[in-house]
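Peer 1: The structure that follows is given in the form of C-alpha cells.
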Amino acid sequence: MRKILTVAMLLSTVLLVMSAWSPLLVIEEPDLFEYEGAAVGNNSAVLNTFNRLPGAEHFTGFELETKQQPYGITASYDWQETALSDKETAAHNATYLFTLLDNVDWVRFDFDTGASVEQYRLTREQLQAWYGVDLAGIDEQEKLEELLAQYLDENQKIDALLTQY
C-alpha cells in the first residue's frame, strides 16, 4: 500500500509541475495584425511590427519620414551574419508594413553586409501593382501569408520587383 501511495504522490507531483510549465512551453506565433490600422507616425506600432518580422534579430533601427507626404520608413539591418535573403526580407517586410500601416507610402531597407550597404526602396503602389491586390484590404494574417507564399517563391520574381523602379 505504501508503494502505491508513493507512486501516486510522485505522479501527482510530476503532473503538477508539467501543468505549471505547459503555458511556458507553448510557442505562440506573434499577432502581427495587432497594429493593423496604425499610422506611420506611431513609433511604438512601427517598432513592434519590425520586431516581429523576419530579420528582427538583425534589425538595428528605423527613421520615419512624417513631416510631409509621401510618408515613409527607412529600416536598417546589420546583415553581416545571416543566411536570410535581403531581397526576400525587403519584399516580405514591406508587404506587411503596407498592409498594417494605413498611411505609409514607401519603405527603404538598408542592409549593411559589412562590405557594402544594399538598399531597396518599395512603394505601396509598386507592391500593390505587383501583387494585383489592395494590401489595405487584407485583414487576416493567413490571407497575407498565402499571398506572400504565392509571390515570394522564386528569386526571379523578387529580383524583377526590386529592379522594376
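Peer 1: Rounded to the nearest 0.05, what FRET efficiency do ALA56 and ALA136 have when you use their Cβ-Cβ distance and R0 = 22 Å?
Peer 2: The value I calculate is 0.40.
Peer 1: Sticking with this one: Straight-line reach from LYS143: which lysines have Cα under 25 Å away, leaving out those fewer than 8 places along the same chain?
Peer 2: Once the sequence-local lysines are set aside, what remains near LYS143 is LYS87, LYS157.
Peer 1: Same structure again: Hey, can you find the accessible area per residue of the stretch 39-165 for me, probe 1.4 Å, expressed in square angstrom?
Peer 2: 51
Peer 1: Now, a different point. If you roll a 1.4 angstrom probe over the protein chains with everything in place, what fraction of the accessible area of the stretch 51-95 belongs to carbon and sulfur, to the nearest %?
Peer 2: Result for the stretch 51-95: 38 percent of the exposed heavy-atom area is carbon or sulfur.
Peer 1: To continue, here is another question. Report the label-to-label distance for LEU84 and ASP102 in nanometres (one decimal), using points 7 Å from each Cα along the Cα→Cβ vector.
Peer 2: Here the answer is 2.8 nm between the modelled labels.
Peer 1: Which value, in Å² rounded to 10, gives the accessible area of ARG52 with a 1.4 Å probe and all protein chains present?
Peer 2: 80
Peer 1: Given C-alpha coordinates of the stretch 83-153, what is the ratio Rg to Rh with the Kirkwood estimate of Rh?
Peer 2: My calculation of the ratio gives 0.98.
The values are calculated or read from the model by the stated rules, or taken from the named source; none is laboratory data. What you see is a predicted model, and the numbers here were worked out from it, not measured in a lab. Cβ: placed from backbone, ideal geometry, glycine included. Neighbour counts: every protein chain shown. Side chains are part of the model used for accessible areas, which takes the heavy atoms of the whole protein and leaves out ligands, DNA and RNA. Shrake-Rupley method; radii C 1.70, N 1.55, O 1.52, S 1.80 Å.
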